[in-house]
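Read the structure below first, then the notes.
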Amino acid sequence: MTFGRISLSTDTLRPFQRVVDLLLILLAHSLALILSAPVGVSAAISGGGMNFALLFGLLSFTMASTLIPVYLPRHKESLFAEVKPVLLAWSFAALAMNAVLWSSFEGGTSALTVSVKWPLLAAALLAGWRVLERPILRSMWSHTDWRCSVAILGATASAYRLCQQIAERPWLRIRVVGVYDDRGPDRRHALYPGFDYRGNVEELMQACAAGTVEAAYIALPLAAEKRVDQLRQRLAATAATAFVVADLLPTYDPLGSRWTAIGASALISVHDTPFRGPYAIVKRTEDVLAGILGTLLLIVPMAAIAILIKATSRGPVFFRQRRYGLDGEEIRILKFRTMSVCEDGDSIQQAKRNDSRVTKVGGFLRRISLDELPQFLQVLTGCMSLVGPRPHAVAHNERYRAVIPRYMLRHKVKPGITGWAQVNGWRGETPTDAWMEKRIEHDLEYINNWSLLLDVKIVLLTIFGRASRRNAF
């Protein structure tokens, strides 16, 4: 946000950041050439193919950083959230650049420099700049004497949260002169420690007209639409900048929320999937690679398990059951049969400890999740994912969706062979609704916080973690 001549937020530095990123990519290109051709550097730099690759790389990054996007404000403020999108944009730009380069030019030292060394150096510089720039700028801004004087209109829960966010971010250089509200003390919400009630709306308008308040945040509830519009019109008669606190997220308990628009109508999704655009490509690429690798490495063990099941118990080798997949569409999961029954009706009894229906071989397979191995084939076909909420039987879905709020939101992503709930021990039988609620809580936490690194962590915990074997029987 900007008040007068001085920027208060890193958001206004986004155009500058874009220029810096392009300069860093140029620098990485030059360094790659220098490292590849220490003698006769100028001749190496002047190649026509290299110049085309440089231009195409810059254009590809500019387009990719707009689509992802890299330079829009993000509701997550962690360093990882800052670095991830720029590296993702550069990865797509590098792939596009390599595809054009190798199809248009002959290979050689120059092509190798562009396709390998330049992308790696550029990624290091782009990430390194953000690691260095972030704490330096925040420290500088935190110790700057200048502060923008702002007022908050409405002693509400939204105002409380806003004051807390401001107090935790001194680098924003915001000084709250006070909270204004026409209501009496008995109707006003408690204020965040360190913030004071200053007066009523008339006193705020006088302060804005006098120029002692540079910006006003209207923190009234959504139901007070008419009142908000009145206050906005009155603030328009002053030089103060007006903001309406869009405190939608606590109200709607969002999942994968994001801002979008249809024409001039701004929209916010409150229940959505994180796998859109480039993130869908990343997730699907992960699944295809995992599906191929898992099938190739496990085909011999799976054949041995199939023979063992057939030799020790009557019935089919595989067990298929109706479950819900992406967007609640019905799929049939594939597992090694571990029980003497193959239930798939309107009523299904979960496996319990010392369950007589579990075969001797099946008990071993279930303890270390080997019965799930055939699902690598379903990861390849696209109806499942390597990591995601575990699919439940249709009968269980219909039962729990009626008693657990937000239960069906776990189907905003594909079901997985393993998941965040499972590696935290929330697997197996759910004797009470509270157990299932904990599982759903972890599933939704995974969707809200998905990243490629989180998927890697879950896979490692599935293999080596102890909690993932808890309640496995």
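For segment 429-456, name all the residues that are not in a helix (DSSP H, G or I) and not β-branched (Val, Ile, Thr). Steps first, please.
First pass over segment 429-456, keeping only residues not in a helix (DSSP H, G or I): 429-432, 449-451.
Answer for segment 429-456, where residues must be not in a helix (DSSP H, G or I) and not β-branched (Val, Ile, Thr): Glu429, Pro431, Asn449, Trp450, Ser451.
Taking Trp426 as meeting all but one of (1) under 16 Å from Gly388 (Cα atoms); (2) hydrophobic (A, V, I, L, M, F, W, C); (3) part of a helix (DSSP H, G or I), write down the number of the exception.
(3)
Quick test for you: out of Leu88, Leu101, Leu153, pick the one residue that is at pLDDT below 85, of a type in the set (A, V, I, L, M, F, W, C), buried (at least 16 other Cβ atoms within 10 Å of the Cβ) and in contact with a helix residue (DSSP H, G or I) (Cβ under 9 Å, 6 or more places away or on another chain). First the steps, then the outcome.
Numbers: Leu88 fails: at pLDDT below 85; Leu153 fails: at pLDDT below 85.
From the options Leu88, Leu101, Leu153, the qualifying one is Leu101.
Residue by residue through segment 162-185, note down the ones that are within 13 Å of Ile218 (Cα to Cα) and in a helix (DSSP H, G or I).
Within segment 162-185, Leu162, Cys163 meet the criteria.
Take the conditions modelled with pLDDT of 90 or more and among the hydroxyl-bearing types (Ser, Thr, Tyr) and apply them to Tyr400. Does it pass? Show your work before the answer.
Values: modelled with pLDDT of 90 or more: no; among the hydroxyl-bearing types (Ser, Thr, Tyr): yes.
For Tyr400, the condition - modelled with pLDDT of 90 or more and among the hydroxyl-bearing types (Ser, Thr, Tyr) - is not met.
Which residue, of Leu409, Leu460, is of a type in the set (A, V, I, L, M, F, W, C), part of a helix (DSSP H, G or I) and under 24 Å from Phe80 (Cα atoms)? I'd like the intermediate steps shown before the answer.
Working: Leu409 fails: under 24 Å from Phe80 (Cα atoms).
Unique residue meeting the criteria: Leu460.
Return the pair list, or none, for Cβ contacts closer than 7 Å from residues in segment 170-194 that are closer than 15 Å to Ala151 by Cβ to residues that are surrounded by fewer than 18 Cβ atoms within 10 Å (Cβ to Cβ) and of a type in the set (Lys, Arg), at least 6 apart or on different chains.
Ile174/Arg147; Arg175/Arg147; Val177/Arg198; Gly178/Arg198; Val179/Arg198; Tyr180/Arg198; Asp181/Arg188
The conditions are (1) modelled with pLDDT of 85 or more; (2) of a type outside the set (S, T, N, Q); (3) farther than 28 Å from Arg401 by Cα, and Ile331 fails exactly one of them. Which is it?
Only one criterion is unmet by Ile331, namely (3).
Conditions tested, residue by residue: (1) surrounded by fewer than 19 Cβ atoms within 10 Å (Cβ to Cβ); (2) under 23 Å from Asp455 (Cβ atoms); (3) at pLDDT below 85.
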{"position": "Lys360", "(1), (2), (3)": "yes, no, yes"}
{"position": "Leu365", "(1), (2), (3)": "no, no, yes"}
{"position": "Thr381", "(1), (2), (3)": "yes, yes, no"}
{"position": "Pro389", "(1), (2), (3)": "no, yes, no"}
{"position": "Ala395", "(1), (2), (3)": "yes, no, yes"}
{"position": "Lys414", "(1), (2), (3)": "no, yes, no"}
{"position": "Gln422", "(1), (2), (3)": "no, yes, no"}
{"position": "Gly425", "(1), (2), (3)": "yes, yes, no"}
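The values are calculated or read from the model by the stated rules, or taken from the named source; none is laboratory data. Note that the structure is a prediction, hence the values are computed from the model and not measured. Positions of Cβ are backbone-derived with ideal geometry, glycine not excepted, and every protein chain shown enters the neighbour counts.
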